[in-house]
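Readers should treat all values here as calculations from the given coordinates under stated rules, not as data from a laboratory. These numbers come from a predicted model, not from an experiment. Quick reminder, even Gly has a Cβ in these numbers, built from the backbone with ideal geometry, and neighbours come from all protein chains shown.
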Amino acid sequence: MDPELIDDCVHCGFCLPTCPTYVLWGEEMDSPRGRIHLMKQHVEGTPVTPEMAGHFDACLGCMACVTACPSGVKYDRLIEQTRAEVERAHERDPRERAVRGLVFGLFPYPRRLRLLRPGMWLAERLAPFLERAHPSLGAMAGLAPRVERRQRMPRLVRARGERRAVVGMLTGCVQGEFFPQVNAATARVLALEGCDVLIPAGQGCCGALSVHAGRADQARRLARRTVRTFRKAGVDTVVVNAAGCGSSMKEYAELLGAEPGFRVMDLSEFLVELGPVAERHPLPFAVAYHDACHLAHAQGIRAQPRELLRGIPGLELREVPEAAICCGSAGTYNIFQPEAARDLGDRKAKAVGSTGAELLVSANPGCTMQIAAAMRRGGATIRVAHTAEVLDASLRGVSL
Amino acid sequence: MHAGDAPPATAALDPLTAALRSSLPADSVITDPVRLRTYECDGLTYHRATPGVVVLPETAEQVARVVRLCNEFAVPFVARGSGTGLSGGALPREDGVLIVTSKMRRVLEIDLPNHRAVVEPGVTNLAITEAVREQGYYYAPDPSSQQICSIGGNVAENSGGAHCLKYGFTVNHVEACEIVTPDGDLVTLDRMDPGYDLLGAFVGSEGTLGIATRITVRLSRAPESVTTVLAAFESIEQGGTAVSAIIAAGIVPAAIEMMDALSIEAAEAAVACSYPEGAGAVLIVELDGPAAEVARQFDRLKEICSGAFELRVAADPAERAAIWKGRKSAFAAVGRISPAYIVQDGVVPRTALPEVLAAIDRLSAEHRIRVANVFHAGDGNLHPLVLFDDGEPGAGERAEVVSGAILDLCVEHGGSITGEHGVGVDKVRYMPRMFSEADLDTMQLVRCAFDPRGLSNPGKVFPTPRLCGEVPGVRKGAHPLVESGKAEQF
């Protein structure tokens, strides 16, 4: 942990109201300011106690505090360093170790995830039993989405009409296996807007889940592989449709100590920069747009997705109250911290419900699963879609 | 304290801790040393003390129970809201209990017809406004930390903010307070109570007269029209002249804020507020009220600010927020241009502004310490930010000297050692510069009337923590006011 980064904090407290755990519990040690204080204690010689590790683990890594901080504290960097330190210095209890091992041995690997697909319909029924074995297993089962038919992605999707750009596309791990329809929509939208889309085979996880959990070695291994894949494809722009992946990939240079050799852009960021050419067909929907933390806070992308949605005739965009507060999904957070995640999910579901929208749009599969599950718990239903799916429907003139 | 040092003397608190645990929910009593240390300071990090015990009550009744137990065991207690204070008013006691109100954050009642809201002390200042904004109301006092500072803390410090020029401080917007007295009784002080204005005494008492557990605030109607102007001047003097001219013209803007070049640089680095380039000073003037009145005042303001090289008017709420963002983040933003700094708070008569600013410049040059100036220019409330490098030997001490000398300047010019941040622990030593011993003794009598055992936030506000047992006796000789011929005694 870098003491200079710690010293940047002037203890003003402006981060507190944006921190999801402070919002839930109102306790100093579960706020960014308090966690930085704990980091300082550790740097000054206090060993990582189980209490301390617990407060770091309780951080969602949503980066809302980074947006709020007037002093420019790099909390994102700090918490990453801290998580790695916790993994090194803190001995977790065996049950927790086993569950973490399972999650990190599963999610970043599309082929292993694929093996789960046939059994996913069972998840809901198994949830209560798994819950008894370990709350994290129960949470995982409770979140499992109904998966759509697998779609094999072609290596190349040609631009429709005049070719305006050539881009690479990340298929990701969870996105690719559990939400294949989002990847298909992304490729179609890019092609309809005049892009040749290269989708290299043999892609895996970009490393984001591991980076955010302090598993630096695994993260670097996965990142290097991703870099190799896209360099071989020879693209200079890689378009990413999952917020968490995009934010991590934008930091490859820091993780690997070398520039990856291509620029990483979120789908919405890329489309707005490119400018629309394809015709938009009307979609008469009231839509609530949810800011994924890794898009809004980590990448500063708030305006672009809204601009794209507003560009669809007939679509009415509604703002969600407390938009800056995380929904509790936060990568693997809803698996490891199921209780806090549930409370945050319920809070977000209420906020989304208050808009009266019929469709919830977000750019991160984790958020979508989390909010949809929370709304189901509360007895409400809302249809969910990725920004790419909404655009795809509008561009093709089909219903959602 | 560093790791390896002896832990604070909590053993003496063991009996009280046991009693607290048996009368409060399990997770609301904190004794783990690592957790306790995260409460060692508020927004002023210069003073630190690890609390003996932290309690996080959720109801007024629980606060009262804690205070009664503190009395039973003769242990001092300190109340803390969000921990954003800038005078160390919530500095904990190592031998005491820190009562944190951050879990008491329910808006209990909104009574729009009577312009009132009843809230718990941990509710943030801005949350009150947010609860009534859609209905066209707001809570007027607006400290720069309004998104996080708690209303309980605002009451304790009588907090101000940019808009207090026209609308007054917290004390003008609190209708009633339910408080836990220093001996643990729950009582309500109401503005409407006949007799002594005890509510007036309580607001701004910095936790020495008890803990507010339920606050009835006054809500204000959002003004029909708001015009926010950013005027850029080449020098601070030109800005100061404009301020005086605005007031002299009989205009009472909602706010007149001034920032100098150094604080603009900091704000620019922090929030990219895009203030006009090359400005020696910017004025933020906000006019509000009925549309016709605001339009007339704005015309007059344009004439007065003719010396400004750029005049920017916010076209919509987003642009208004952008103008304010630079000002409201200024304190913390200074962290971008200096490793360490002291946020000072003093008041001078508006007319003395140019003279005092020039004197601050001289102090800054003499001690080789940079001073950035941000202030509520309309009411002469200065916030000099004294910048130093805490890695440089001796720099902290020099900054401390400059910071103290600035307060001397304020007193010399007939002002005050604090405008809105309070005395806390930080300015205790400056109190005798402003008040005679007789003044301080008189204030002490008020304190003793509420807190005879001296358990409620001891060590704050007053220089000599005199026990109430040692109530100042009959004065020997004449009262200083009589002696100086300013008063007569019959």
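List of remarks:
- In Hz, Karplus ³J(HN,Hα) per residue of the range B:455-460 (6.51, -1.76, 1.60; θ = phi - 60°; x = Gly, Pro): 9, 8, 6, x, x, 9
- Karplus-based coupling profile of the range A:290-302, in residue order and whole Hz: 9, 6, 5, 4, 6, 9, 6, 7, 6, 10, x, 9, 10, with θ = phi - 60° in 6.51 cos²θ - 1.76 cosθ + 1.60 and x standing for Gly or Pro.
- Distance histogram for the range B:223-329 (every C-alpha pair counted, 10 angstrom bins, percent rounded to whole numbers): 16, 51, 30, 4
- Spherically averaged projected area of the range A:194-234 from its Cα convex hull (nm²): 3.3 nm²
- Across A:Lys250/B:Lys325; A:Lys40/B:Lys427; A:Lys74/A:Lys250; A:Lys350/B:Lys328, pairs whose alpha-carbon gap is larger than 24 Å: A:Lys250/B:Lys325; A:Lys40/B:Lys427; A:Lys350/B:Lys328
- Of the three principal axes defined by the Cα atoms of the range B:1-129, the extents in descending order read 57, 34, 23 Å.
- Rg [Å, one decimal], Dmax [Å, integer] - the range A:286-396, C-alpha atoms: 13.2, 41
- Globularity index of chain A, i.e. its alpha-carbon radius of gyration over 2.2 N^0.38 Å: 0.96
- Across the range A:156-274 the C-alpha pair distances fall into 10 Å bins from zero in the proportions 14, 49, 30, 6, 0 percent.
- Directionally averaged projected area (convex hull, Cα atoms, the protein assembly as shown), nm²: 40.4 nm²
- Taking amide H atoms as placed 1.01 Å from N in the peptide plane, the amide H of A:Ala292 lies under 5 Å from those of A:Ala363, each 5 or more residues away in sequence or on another chain.
- The Cα atoms of the range B:107-221 cover 40, 28, 24 Å along the three principal axes, with the biggest extent listed first.
- Helical runs (DSSP H, four residues minimum) scored at -39500 (n - 2.57) apiece and divided by the length of chain B put the mean residue ellipticity at 222 nm at -9500 deg cm²/dmol.
- Spread of Cα-to-Cα distances over 5 Å intervals beginning at zero, given as percent, for the range A:94-143: 5, 21, 25, 29, 17, 3
- Note on chain A: helix-only mean residue ellipticity at 222 nm, from DSSP H runs of 4+ residues weighted -39500 (n - 2.57) and normalised by residue number, equals -14500 deg cm²/dmol.
- Based on Cα atoms of the range B:199-255, Rg over Rh with Rh as the Kirkwood radius reads 1.18.
- 3J(HN,Hα) along the range B:118-126, derived from phi through the Karplus expression 6.51 cos²θ - 1.76 cosθ + 1.60 where θ = phi - 60°, amounts to 10, 9, 7, x, x, 5, 7, 3, 5 Hz, with x in place of Gly and Pro.
- At q = 0.06, 0.07, 0.08 Å⁻¹, base-10 log of I(q)/I(0) for chain B (Debye sum, equal scatterers on each alpha carbon): -0.28, -0.39, -0.51
- Helix B:353-367 vs. chain B, principal-axis angle (Cα, 0 to 90°, nearest 10): 70 degrees
- Counting beta carbons within 10 Å around each of B:Ser364, A:Ser399, B:Ser150 and listing the fewest first gives the order A:Ser399, B:Ser364, B:Ser150.
- Whole-number percent relative contact order across the range B:223-329, with pairs defined as alpha carbons under 8 Å at least 6 apart: 46 percent
- As a length-normalised measure over Cα pairs under 8 Å and 6 or more apart, the relative contact order of the range A:286-396 settles at 31 percent.
- Computed over the alpha carbons of the range A:63-165, Rg followed by Dmax gives 20.3, 58 Å.
- The amide H of A:Gly194, built 1.01 Å from its N in the peptide plane, has A:Arg160 as neighbours under 5 Å, considering only residues 5 or more places off or on other chains.
- Qualifying GluC sites (Glu not before Pro) in the range B:209-298, DSSP loop, other Cβ atoms within 10 Å at most 16: B:Glu224, B:Glu234, B:Glu277
- Cleavage-rule hits (chymotrypsin sites (Phe, Trp or Tyr not before Pro)) in the range A:84-142: DSSP loop, at most 15 neighbouring Cβ within 10 angstrom: none
- DSSP bridge pairs, the range A:149-272: antiparallel proportion in percent, nearest 5: 15 percent
- Relative contact order of chain B, defined on C-alpha pairs under 8 angstrom at six or more residues apart (%): 13 percent
- Amide proton proximity set for B:Val174, modelled H, under 5 Å, gap of 5+: B:Arg218
- If you wrap the tightest convex hull around every Cα atom of the range B:332-447 and split its volume per residue, you get 113 Å³.
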